[in-house]
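I have placed the structure first, in the form of structure tokens, so that the comments after it can refer back to it.
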Amino acid sequence: MIEAFARRTAGLVLVTLGAVIPVVAYTRLDAWDAELAGQADPSSTGPGEILLSGVGIWLIIGTGLWWHRHRTTMWPIWARWAAFPGLFLAVFTCLSIAEKRNAPVALAIGPGLIAVSWALSEAVRLVMTRPVTDGLIASRLEIPFRVRGLKARLCVQHDRLVLDSLTSRRKRSRDAIAVPWQALRSIELVDVEQETVCRVLVFSGLPEANAREFDVTPGPALHIVGTARELLVPVTHGVERAVLRAVEARSADVEVDEGELAEDEWRRKSGVRRTNALTRTQRHAGVHYRTDYRPYRLIPVAGFLVMPLVALSGMALALATGSTEWQEQFYVVDGVVNPWNVAILAVTSIGFLYVLHRLVVKSFLSFMEGQNYIEAYPEPPARAKTGTVPGSGKRKKKR
């Protein structure tokens with residue numbers, strides 16, 4: 001618990017640094033640009049005011065970090081998004097200085113800032129996931145491991161084992177497959193003696209799952225048997241023991257479900273409709289329940305529903321900072337707000353937040369629960385076959 005808290009704290013510090021450094025660099029570059037232009041008062045905008053003006057962005061990033069508080073593989077991505085606004089302004093200013101002020105040294109500052117931001121995001125990855133200690137394994141933080149010779153990544157989460165990015169490193173959620181602890185029949189380290197092919201099924205949105213294949217070259221591999229799938233995942237020396245140790249520790253107290261799921265029960269749990277209940281578009285596209293599908297249509301609805309709260313927060317920030325520009329924008333006249341405006345916004349915010357919870361939050365949570373389910377069960381599952389592991393010459397062992 002203490003180690004997980006320390007890792008999250010260190011990660012938050014690095015994310016904050018990644019967001020603040022480009023903003024500070026932008027203000028310095030802006031002052032340099034004004035100095036080269038011969039202006040006496042370079043700029044009246046400081047780093048603090050710029051950061052406060054982006055409070056909406058930081059709120060989104062903070063929400064994303066909270067949502068992915070266990071998904072350590074997402075923290076570097078959020079760190080890059082946090083750095084992007086300041087980085088965009090700083091790099092644009094560098095290009096402007098180099099072109100208008102004939103200062104080619106500015107061209108080196110932009111790539112340097114990009115390199116620093118990228119290094120900080122990679123540092124977030126390291127402090128959150130390495131080294132793999134007993135404290136990290138005992139926590140609920142996700143532990144990612146590289147897979148030998150593949151684009152895929154093996155992630156030991158607190159409740160499941162996930163193999164993601166079978167087709168793309170850029171889009172990790174595409175074709176993700178999972179084995180929850182209650183469905184894990186066995187996991188063992190084997191030695192593959194000849195090259196073989198592992199075939200997995202990925203949910204397509206239709207009753208027939210998509211088949212994905214990847215080559216398993218000779219060497220160490222993890223043979224994983226679950227209720228709905230059997231995997232052979234190539235790993236490197238030194239990684240296999242850490243994966244086994246993490247899986248055994250996190251799945252030790254979970255009761256294995258030995259029963260098979262009937263088709264009707266599977267559909268009820270996953271929320272998947274029968275083929276004849278799908279629309280024509282869904283039948284042909286097969287995207288409604290794809291493992292990388294996300295209901296982005298909820299974003300504009302959520303944005304509209306939080307507008308009264310944003311306006312109310314803007315009033316409070318305008319009073320707190322004393323910014324004339326903000327006071328004009330949020331109808332704060334001479335440092336005084338109309339109490340009726342505050343009352344109307346407060347009542348509207350409460351009502352809209354209730355609607356937000358009912359229409360967006362609950363809907364999204366229910367959707368993600370179904371997504372986690374179909375990642376583990378790509379079709380009405382039959383009991384996984386047992387026997388010899390392809391290319392290993394060894395039989396599997398029970399957990």
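The values are calculated or read from the model by the stated rules, or taken from the named source; none is laboratory data. All values derive from a computational prediction rather than experimental measurement. Note: ideal-geometry Cβ built from the backbone for every residue, glycine included; neighbour counts use all protein chains shown.
Odds and ends about this structure:
- Residue check for residue 177: outside the structural domain of residue 17 (by TED's automatic domain parsing) and more than 27 Å from residue 1 (Cβ to Cβ): yes
- Residue within the stretch 172-185 that is of a type in the set (A, V, I, L, M), free of Cβ contacts under 8 Å to residues at least 60 places away in the same chain, outside any helix (DSSP H, G or I) and closer than 16 Å to residue 200 by Cα present: no
- Failed criterion for residue 340 (all others in (1) modelled with pLDDT of 80 or more; (2) within 18 Å of residue 55 (Cα to Cα) hold): (2)
- Residue match in the stretch 239-254 (condition: modelled with pLDDT of 85 or more, in a loop (DSSP other than H, G, I, E, B) and loosely packed, with under 12 Cβ neighbours inside 10 Å): yes
- Odd one out for residue 148, checked against (1) among the basic types (Lys, Arg); (2) buried (at least 16 other Cβ atoms within 10 Å of the Cβ); (3) in contact (Cβ under 8 Å) with a residue 60 or more places away in the chain; (4) outside the structural domain of residue 237 (by TED's automatic domain parsing): (4)
- Any chance residue 103 is in contact with a helix residue (DSSP H, G or I) (Cβ under 7 Å, 6 or more places away or on another chain), surrounded by fewer than 18 Cβ atoms within 10 Å (Cβ to Cβ) and outside any helix (DSSP H, G or I): yes
- Residues of the stretch 217-238 that turn out to be over 24 Å from the mean Cα position of the chain (by Cα), touching a residue at least 60 places away in the same chain (Cβ under 8 Å) and in a loop (DSSP other than H, G, I, E, B), as a count: 6
- The residues of the stretch 17-38 that are surrounded by fewer than 20 Cβ atoms within 10 Å (Cβ to Cβ) and charged (D, E, K, R), listed by number, are 28, 30, 35.
- Some residue of the stretch 91-106 being among the charged types (D, E, K, R), modelled with pLDDT under 85 and closer than 30 Å to residue 258 by Cβ: no
- Here residue 138 meets the list (1) among the small types (Gly, Ala, Ser); (2) surrounded by fewer than 16 Cβ atoms within 10 Å (Cβ to Cβ); (3) at pLDDT below 90 almost entirely, failing just condition (3).
- Breaking point among (1) in a helix (DSSP H, G or I); (2) of a type outside the set (Phe, Trp, Tyr); (3) closer than 30 Å to residue 175 by Cβ, for residue 310: (3)
- Taken over the stretch 106-140, residues that are part of a helix (DSSP H, G or I) and either over 21 Å from residue 23 (Cα atoms) or among the hydroxyl-bearing types (Ser, Thr, Tyr) (or both) amount to 12.
Residues checked against (1) assigned to a helix (DSSP H, G or I); (2) without any contact (Cβ under 8 Å) to a residue 24 or more places away in the chain; (3) under 30 Å from residue 166 (Cβ atoms):
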position	(1), (2), (3)
296	no, yes, yes
300	yes, yes, no
319	yes, yes, no
345	yes, no, no
359	yes, no, no
362	yes, yes, no
374	yes, no, yes
